[in-house]
Amino acid sequence: MDSTLPRVAADTALYAEVLDWIHTEAELLDDLREREWLETMVSRDVTYAVPLRQTVERARGRGFSPDTFHLLETYGSLDSRVTRNETPYAWAEDPPSRIRHFVTNVRVRQSGDPDIVAVKSNLLLHRTRQDQSLPQLLSAERHDELRREDGRLMLLRRDVLLDLTVIRTHNLAIFF
Amino acid sequence: MTSHTDSSAKLLDAVTEGAEKGVIPASIFGDPDLYRQELRNVFGRCWVFLAHESEIPAKGDYVLRKIGEDNFIVVRDDEGEINVLFDACRHRGVQVCRSDSGNTSHFRCPYHGWTYNTKGNLVGAPLWRNAFGGMSKENNGLASAAKVASYQGLVFGTLDQSAPPLKEYLGGMAWYLDLVFGLNEHGVEVLGPPQRFVIDANWKSGAENFSGDDYHLGTLHRSVWEIGAFPVPFHENMMGYHIQASPGHSLSFSMAQDANEPGPNYFGFPDELAQSFNTTNISADQLEVARRSRVFVGNVFPNFSMLALPMTEDGSNHPPVGILTLRTWQPHGPGQVEVWNWFAGYKNLTPEQKDRAYRAGLGTFSMGGAFEVDDTEPWITVSRNGASTAAELLDFQLNYEMGKPGVGISKPVKEWPGPGRVQWTRYEEGVQRNMYGFYAEMMRSAPGQWPSLVFPEDAAADKEHRA
Ligand code: FES
Ligand SMILES: [Fe+2]
């Protein structure tokens, strides 16, 4: 997110709307209401990316790859994922992991387009599987763009910047 | 000898006997003593895949890779040669490579500043005259792998001076690598750095799966047909060849019996690309086998796997297209494996075709892919049960009998243009018995000694040929 864009203050109606959107989304994903999430919160034009990260010297930046990913999704491929999880043979998530999205540090900025707001947030994803007592934790910064479509905010772009180079979880059959 | 090594020796005897019969002790997927022996006798001796040449095209390009659990710098020097250097400073053993990849003229140790060039030679240290004046720089460089070699753009290294040349080690597998990587004069390049993820499983589960476990698709991966990710129906996909290319290395082709069956051909690679395939670097037989192949999956012992097949991440918008993934199963303790996953494509694909193949591959064969997300699930419990006391006390043996004489429909094939032991239909686990048979031999070979790298019948045929 371009940090020169005007910041939306925390005491505005727009900020409250974005925060509410984030809480609603986290609830749908935690409750495995993935179809409802896709159909009511995700734009048909969505780009959803989790870029690869490498360890590099400080002078070379944060190490995110511009063109390689852990996930690179469109609406069609997200729909495929949701459909797959709805089949009775999606063993990876059946029985499902227990997932909790903790979203904090929400920062909202206006974009050049009056219909689009840019949102940065920190995400801590807590996941346990079967009888695991130690959680898998995935920490990330999310860079989102939300676009107003028919009056509702919809996810137009999401970049999930993981704080990891080697991913320590058995699969990414989950949504960030 | 301690009782520990006695127990691993017993396990290995059981593997050797069982690889013939089709029974493998479950404990090999969790035994810690066996694992330590694997690091030394398998990863410390075999040729291990490190990188693709296209990852380090320019002088000074490097990537940080692993042999067993240890870090090695794979770097192209000023003369264009590839060196494989143990990432440990000669002074006190500190790691000298600070990034996963990059370009550099030298590696400087952060502790006292010893500095090495891209050949690994010591070139200097701070205040050299005061500190080391009079001492030779020679023999104070970084340690190198014993041998380094490439085949079809694939860079391998070994820590064993007594290892046979790479081509000899690959044996019959080279013929099959040719027809995946050498279909035209352009060759293959990787599409970006590898994805890395860690799962609580044993490295052998990945290696044996890619040696040719096609049977699991019908159950574990059933969901991918529901979403249209893969165009060949399960039963049809079980038709094809299981091939033990040479001891240790195995592969599998999905292929129709009728040579003129309409596609997918060439693993589903785009038609425009297929038009550029020719016999510049391979034989007409190899080209024809590639043409007829819908799926290729294989494993170079111990831990380098490849897969080429038609896939889509979004069946409603994009038809399946040939993807190519390369991967290593890096050991990380008996109960943990780090998966390194590269996507690759022919260099003469258009940027749009590369993008399509990359997206199709990422959406199916990656840690978030529709196919692969399910694979890790069973492997985790294989290693958990392998490490169990119950498996040891009950002497729990696993069944690897599929396709043995009298078991199932798979039959040996006599007419086949390539090397190895060949079976028709993929209802077969000889490919895995081959991996474990060689594994046990390698594990018990004394330093300097190597198990045979050719099957007895091929060695005999070879002799006849020469006589
Ligand atoms: S340990 Fe590397 S310079 Fe001393
Ligand atoms: Fe699989």
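A few points about this structure:
- Pairs beyond 20 Å (Cα-Cα), from B:K66/B:K147; B:K204/B:K347; B:K167/B:K354: B:K204/B:K347; B:K167/B:K354
- For the stretch B:34-42, 3J(HN,Hα) computed residue by residue from phi via the Karplus equation (6.51, -1.76, 1.60; θ = phi - 60°) reads 4, 4, 4, 5, 4, 4, 7, 8, 9 Hz, glycine and proline entered as x.
- Helix axis angle, B:351-362 relative to chain B longest principal axis, alpha carbon, degrees: 80 degrees
- Cα centroid separation, the stretch B:312-338 to the stretch B:235-297 (Å): 19 Å
- Equivalent ellipsoid semi-axes - Cα gyration tensor, the stretch B:284-435, angstrom: 30, 24, 14
- Remark: mean inter-chain Cβ contacts per residue of A:79-90 equal 6, using a 10 Å Cβ-Cβ cutoff to other protein chain atoms.
- For the protein assembly as shown, the spread of Cα positions along the three principal axes, ordered from largest to smallest, is 88, 75, 57 Å.
- A straight line joining the Cα centroids of the stretch B:394-467 and the stretch B:97-141 runs 47 Å.
- Note on B:364-377: average number of Cβ atoms from other chains within 10 Å of each residue's Cβ is 6.
- Whole-angstrom gap from the stretch A:131-176 to the stretch B:29-96, using each part's C-alpha centre: 33 Å
- Percent of alpha-carbon pairs separated by more than 22 Å within the stretch B:48-150: 26 percent
- Percentage, to the nearest whole number, of Cα pairs in the stretch B:195-303 over 16 Å apart: 67 percent
- Using the empirical formula 2.2 N^0.38 Å as the baseline, the Cα radius of gyration of chain B reaches a ratio of 1.00.
- Three-way shape label, the stretch A:4-111, alpha-carbon gyration tensor, a/c 1.5: oblate
- The protein assembly as shown - Cys residues lacking any other Cys C-beta under 4.7 Å: B:C46, B:C97
- Length available on full extension from B:Q95 to B:K137: 0.36 nm per residue minus the Cα-Cα distance, which gives 13.2 nm.
- Whichever aspartates and glutamates have a C-alpha closer than 20 Å to that of B:K137, once near sequence neighbours (fewer than 8 apart) are set aside: B:D77, B:D78, B:D87
- Angstrom value of the Kirkwood radius, inverse mean 1/r, which spans all Cα pairs in the stretch A:49-176: 16.5 Å
- Residue by residue along B:310-323, Cβ atoms of other protein chains within 10 Å of the local Cβ number 3 on average.
- Rg of the Cα atoms in the stretch B:173-444, relative to 2.2 N^0.38 Å, amounts to 0.97.
- Cα lying deepest toward the dipole's positive end in chain B, options B:I24, B:A460, B:W114, charges on Cβ: B:W114
FYI, it's all coordinate maths here, none of it is from the lab. If you're wondering where the values come from, they're calculated on a predicted model, not measured in any experiment. Quick reminder, even Gly has a Cβ in these numbers, built from the backbone with ideal geometry, and neighbours come from all protein chains shown.
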